[in-house]
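Derivation of every value follows stated rules applied to the coordinates shown; laboratory data play no part. Because the structure is a prediction, the values reported are computed rather than measured. Positions of Cβ are backbone-derived with ideal geometry, glycine not excepted, and every protein chain shown enters the neighbour counts.
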């Protein structure tokens, strides 16, 4: 993966600009914090020497007064800095949540390919991971570490000025040894970066295990297939791998930390020895000894802090760049005017010389290390995977088209191209003669009532799930009518489910849970509520039995009257309702016609129909045996 790489200073400015846009007054809080963290330690090393000097000269009262004054100032300053820090932490925590929300919203506004199959998807996933780490989140570190670095740098110059009054060469020596310390930091960073991918893969496995072990839908499988021992063995293997990785990493970290400790002992030990030598010779007074001793201790700490902070910033900059790369993705044009002819009903659809391919690596890496194909069996490797090449298709106004084919034929890709989720590499897709590439996405999306095979139901009230509006903005009569047409009204009323009843048990224990078939009917009701000009059904009955599937397609026929409709399925229940059947193979229309025409052709469609009819042809409802005595129309009626 080609990771984005923004300059470190540019990223720091970027995150602070976002923060101050949300909370401009935090700039004052940061200034107070930095000033306090610079001056309070500096006063701490100066005061013992000043007080000792006063006492030594016989000014005991003045010394005590200075101690009281300095102590009061330092206590008050410390309290102010502590209060400001707690306030800053609160607002920066709010900022992290705001930023997380912005990342999510950005994903809804950028090109769909960045979400599903583009290389950017891996960068986006890393952006999410970098924000979901509490106080280790990328925004905390990109905001906090630069402030620490600024404090350390300012203190370094202050303390250097103090030590420079003693011996300039001592400052140079301490600085040189500190630079050697930075070399060890760099080595430690390289070791940690070398393990980064392994830790990320291990983390995905552990998170995957946590997720599936909490999934109640697995409870039946775990019991029936006696998976508990296997799961625990698998858990031990995953955690064993993580433990070995941690030990290997910790051994290297220990070596680096030991070298740093040894270097610090040599550096500070030499400086302290020189101070003692100078004091015993009378070159410096006891009061100066205290000041210089504190300055050396602070100097070493601040130099080490500078090196450490810079190394940590370099380490986190990659995550910061991922988040920024995601936030700076180009967005689709949501708003704008569309020509009036676009909304003519029924709509005409045309694919004109369309080519489309998945570029680069398009599969998402599975937590267990397997490749997760993005499109109907299209497991993509390096380079291009051509799905459509110079593809042409016209769907007449009001025509009902069934799109069939085996896995990987490109059926769902065709739908995503039509809906504007994917952009063709070449060619045009026209609706009522209007090139959809020229349309604002909002206008294009409004044309479609789509039912995908994935049941996405949110933990919100029933009415909100149907209308995607606030509950008070939902037309309740229209919502119940949609449920009625989808065959759910009676079930909902029997169970006492209302428009304000919450769905799923994600957030509420009494949330409405639907079976797989009911969930797909609910998605149909959502499409009915929207009432788009073009009806698209992408495998909408995969969780239904053949009889229920046939019944729901009869409902589709009713609601598709007067609309251009596209039915996509592996099974053939939709074919008898369609004006035309398109059988796809390898991104082209292999066969085209009505059911009778394709059966007479005796090709791939007839072969698929024959195979499915063996499984789905059953006894007639009155108990008479069907099978070889069934007429072709009966076979059509019962075929899945």
Evaluate 2.2 N^0.38 Å with N set to the residue count of the range 167-283, then give the Cα radius of gyration divided by it. 1.89
Report the residues of the range 165-185 in range of a label on residue 255: point 7 Å along Cα→C-beta, backbone N strictly under 18 Å from it. 181-185
Quick check: pseudo-label points 7 Å beyond the Cα along Cα→Cβ at residue 195 and residue 509, how many nm apart are they? 4.3 nm
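When ranked by the protection proxy of mean other Cβ atoms within 10 Å per residue, highest first, what sequence do the peptides 119-129, 590-600 form?
Details: 119-129: 19.2, 590-600: 16.0.
Result, highest mean first: 119-129, 590-600.
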Calculated FRET efficiency, residue 218 and residue 491, Cβ-Cβ r, R0 25 Å, to nearest 0.05? 0.45
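Highest first, please rank the peptides 247-254, 157-164 by the mean number of other Cβ atoms sitting within 10 Å of their residues. Display every interim value, and only then the final one.
Working: 247-254: 12.4, 157-164: 17.6.
Top of the packing list down: 157-164, 247-254.
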Note the full-extension length gain between residue 430 and residue 554 as 0.36 nm times their separation in residues minus their Cα-Cα distance, in nm to one decimal. 41.8 nm
Counting DSSP beta bridges with both partners in the chain, what percentage is antiparallel, nearest 5? 55 percent
Output the Kirkwood hydrodynamic radius of the range 78-175, Cα pairs only, in Å rounded to one decimal. 17.0 Å
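Can you work out the FRET efficiency for the pair residue 597 and residue 239, with r the C-beta to C-beta distance and R0 = 51 Å, to the nearest 0.05? Could the numbers behind the result be given before it?
Values: r = 60 Å, r/R0 = 1.17.
Once rounded, the FRET efficiency stands at 0.30.
For the chain, what does the helix formula give at 222 nm: sum of -39500 (n - 2.57) over DSSP H segments with n ≥ 4, over the residue count, nearest 500 deg cm²/dmol?
Details: 21 runs with 378 residues, N = 640.
Result for the chain: -20000 deg cm²/dmol, rounded to the nearest 500.
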Contact order relative to length of the chain, as percent, for alpha carbon pairs under 8 angstrom and 6 or more apart: 14 percent
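What is the projected area of the convex hull of the Cα atoms of the range 461-513, averaged over all directions, in nm²?
On the way: hull surface 14.1 nm².
For the range 461-513, the mean projected area of the Cα convex hull comes to 3.5 nm².
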Of all alpha-carbon pairs in the chain, indicate the percentage at a distance above 32 angstrom. 65 percent
Label-point gap, in nm, between residue 531 and residue 270 - each point 7 angstrom along Cα→Cβ: 8.5 nm
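If packing is taken as the average count of other Cβ atoms within 10 Å, what order do 313-323, 388-398, 85-95, 500-510 fall into, highest mean first?
Working: 313-323: 21.5, 388-398: 16.8, 85-95: 15.0, 500-510: 13.4.
Highest-to-lowest ranking by the protection proxy: 313-323, 388-398, 85-95, 500-510.
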